[in-house]
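K.L.:
Take this structure, written in structure tokens, and hold onto it; I'll ask about it next.
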There are 2 protein chains.
Amino acid sequence: MALLCDIGNSFAHFYDGVRSWREPHNRLELYRRERVCYINVKTALEEELRTFEGWTDLEPFMEIETDYRGLGADRKALCLAVEDGVVVDAGSAVTVDLMEKGRHKGGFIYPGITKMRECYGTISPILKGEMVPVRAQRLPQRTDEAVSYGILIPLVKAIESLGSPIYVTGGDGRLLADLITDGMYDGLLIFKGLEKVKERVC
Amino acid sequence: MALLCDIGNSFAHFYDGVRSWREPHNRLELYRRERVCYINVKTALEEELRTFEGWTDLEPFMEIETDYRGLGADRKALCLAVEDGVVVDAGSAVTVDLMEKGRHKGGFIYPGITKMRECYGTISPILKGEMVPVRAQRLPQRTDEAVSYGILIPLVKAIESLGSPIYVTGGDGRLLADLITDGMYDGLLIFKGLEKVKERVC
């Protein structure tokens, strides 16, 4: 059985139907003789991946009904996992997409939490600091709370305004899902989408 | 009659009761013989300002009922202008504060629109670009829309969730007020707050 692999800008994530694990890009070489169905958003790796004989790029086979131009392979795969609802991927960027009856209705992009923290740091040294716990129902009473709230709660409100259910994945997915009413964390969401494509292709 | 002056990180804004105008910091010297009631958040200017004889710093006289620690002089002045409602100052940072019956209930900080655009640029060159018109009711269908929506709409949703009326001021205030249901732009809001303090002091 072929492995599934989602290659992002920072890491590659593998899934064998049971377990998932991540690898740095420079270890992909070790899998070159495996059968792997993959998607890749790191353009610098494209050429090398084509030399891996048992590897199949799923991107050309991913079809999704949408008017959106420029939907990345990873967003497509996540959306294919969901028939109805909001799909959130909280990585170095946060992508938020809306699915209705299997159709992609559009979506937006927000900076990842790490990027937002860096951004506040460039405004003023006072706004640089560790994240502190916040929740939408309690207005901040100090600068560090005001920043953590500003990083997270506007995003939460924009996500919630799109409807439900809300599926959340990605490195900061757990943190974010905890703040979202009816937010459900699913670390394997992208593989559920890729699985559907693989069934037709690999 | 004394002038009012709000000295921010980029410019100083003056108000004579009728007109308002801005000056770069290096032109403040020209006003040293005027009678001026001011607030200043640019710490590097503090010492020089103390040598201006007719100038009175209003900060020590600004009293506002709040549990918030570290509320800047400019935020205090804006809040003093409003008895009930949400106060938004869209500058190099965006501050959002809630007032209820003259009491400050808390608030949060969001990066200014220029800072947010820079932030997206550091994630990927694809996310760098001009702002395009967006509105909350229409989900983006292209990358540039997805970014402009991400910069503005989460902030709009977080502001709207705090209640109304919503008073908006600052350099990007007009743009933001247009997107907020019941958002009212008021370029002189801070001077309305300072006026109240001045009446007691200068």
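K.L.:
Scanning segment A:93-104 for residues that are over 19 Å from B:Leu152 (Cα atoms) and not hydrophobic (A, V, I, L, M, F, W, C), which turns out nearest to the chain's Cα centre (by Cα)?
P.N.:
The qualifying residue nearest to the chain's Cα centre (by Cα) is A:His104.
K.L.:
Give segment A:139-174 a look and list any residue that's touching a helix residue (DSSP H, G or I) at 6+ places or on another chain (Cβ under 7 Å) and in contact (Cβ under 8 Å) with a residue 40 or more places away in the chain, or say none.
P.N.:
Answer for segment A:139-174, where residues must be touching a helix residue (DSSP H, G or I) at 6+ places or on another chain (Cβ under 7 Å) and in contact (Cβ under 8 Å) with a residue 40 or more places away in the chain: A:Leu155, A:Ala158, A:Ile166, A:Tyr167, A:Val168, A:Thr169, A:Asp172.
K.L.:
While we're looking at this one, here's another question. Being within 9 Å of chain A (Cβ to nearest Cβ) and within 13 Å of the chain's Cα centre (by Cα), is that true of even one residue in segment B:112-126?
P.N.:
For segment B:112-126, residues within 9 Å of chain A (Cβ to nearest Cβ) and within 13 Å of the chain's Cα centre (by Cα): present.
K.L.:
What are the residues in segment B:1-16 that are assigned to a loop (DSSP other than H, G, I, E, B) and touching a residue at least 60 places away in the same chain (Cβ under 8 Å), if any?
P.N.:
Passing the criteria: B:Ala2, B:Gly8, B:Asn9, B:Ser10.
K.L.:
Okay, next question. So how many residues does segment B:127-137 have that are without any contact (Cβ under 8 Å) to a residue 40 or more places away in the chain and at the interface with chain A (Cβ under 8 Å from one of its Cβ atoms)?
P.N.:
Total meeting the criteria: 1.
This table checks each residue for (1) more than 10 Å from chain B (Cβ to nearest Cβ); (2) buried (at least 22 other Cβ atoms within 10 Å of the Cβ).
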{"residue": "A:Arg103", "(1), (2)": "yes, no"}
{"residue": "A:Ser148", "(1), (2)": "no, yes"}
{"residue": "A:Ser161", "(1), (2)": "no, no"}
{"residue": "A:Pro165", "(1), (2)": "yes, no"}
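K.L.:
Looking only at segment B:181-196, count every residue that is hydrophobic (A, V, I, L, M, F, W, C), surrounded by fewer than 21 Cβ atoms within 10 Å (Cβ to Cβ) and touching a residue at least 24 places away in the same chain (Cβ under 8 Å) and tell me the total.
P.N.:
1
K.L.:
Restricting attention to segment A:141-162, report how many residues are closer than 17 Å to B:Pro154 by Cβ and assigned to a loop (DSSP other than H, G, I, E, B).
P.N.:
Qualifying residue count for the region: 2.
K.L.:
Continuing with the same structure: Would you tally the residues in segment A:73-92 being surrounded by fewer than 23 Cβ atoms within 10 Å (Cβ to Cβ) and either within 9 Å of chain B (Cβ to nearest Cβ) or under 21 Å from B:Leu155 (Cα atoms) (or both)?
P.N.:
2
K.L.:
What about A:Gly171, is it in a loop (DSSP other than H, G, I, E, B) and either under 30 Å from A:Leu3 (Cβ atoms) or β-branched (Val, Ile, Thr) (or both)?
P.N.:
Considered against the rule, which asks whether it is in a loop (DSSP other than H, G, I, E, B) and either under 30 Å from A:Leu3 (Cβ atoms) or β-branched (Val, Ile, Thr) (or both), A:Gly171 comes out as yes.
K.L.:
Same structure again: Among A:Ala44, A:Ala2, A:Ala93, A:Ala81, which is touching a His at 6+ places or on another chain (Cβ under 9 Å) and of a type in the set (Gly, Ala, Ser)?
P.N.:
Only one candidate passes the filter, namely A:Ala44.
K.L.:
Please count how many residues of segment A:11-59 are of a type in the set (S, T, N, Q) and over 23 Å from A:Arg75 (Cβ atoms).
P.N.:
Adding up the residues that qualify gives 2.
The numbers here are math on the coordinates, done by the rules we state, and not lab data. Source: prediction; values computed, not measured. A quick note on method: Cβ atoms are made from the backbone with ideal geometry, for glycine too, and the neighbour counts reach across all protein chains shown.
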